[in-house]
Amino acid sequence: MKSYAVWELRTNNLVGDFDNEHGALALVLDGIERNGEDIANNLYLNVQDEGGNIELIAHGQELADLARRKLSEPHVIGSCGLRAPCQDLGVLALACPVVTNERTNGDEKTREA
């Protein structure tokens, strides 16, 4: 299984380790939004494959651009095939919108998962 790691360039400290690229890029983008654009200049992202080989994916502004581009794309979520942009950069707790009950809200009928 591949692992994705975000590192801080000046100290070479591990910022976060993830099972997928999406989680790593969400961390980068969250850092930019909280601390400003310049934080990306000190970050890099690499991937380690099953054989232990490590490859640099991106760093600095290239990493910031990659995070913005990939996290703005719609993603398929769950087995239902819901497509939604990745906007929640914290814990992505999106559920498949399978209707389990209905409730009436005024004149509008809404469905909840």
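Please work out if residue 51 is loosely packed, with under 13 Cβ neighbours inside 10 Å and either at pLDDT below 95 or not acidic (Asp, Glu) (or both). Yes. Just one of the listed residues (36, 60) is at pLDDT below 95 and farther than 20 Å from residue 20 by Cβ, and it is 36.
Scanning the stretch 18-48 for residues that are charged (D, E, K, R) and surrounded by 14 or more Cβ atoms within 10 Å (Cβ to Cβ), which turns out farthest from residue 64 (Cα to Cα)? Per the criteria, the residue is 21.
Only a single item in (1) acidic (Asp, Glu); (2) within 13 Å of the chain's Cα centre (by Cα); (3) at pLDDT 50 or above; (4) surrounded by 11 or more Cβ atoms within 10 Å (Cβ to Cβ) is not met by residue 88, and it is number (3).
The values are calculated or read from the model by the stated rules, or taken from the named source; none is laboratory data. What you see is a predicted model, and the numbers here were worked out from it, not measured in a lab. Cβ sites come from the backbone with ideal geometry, for glycine too, and all protein chains shown count toward neighbours.
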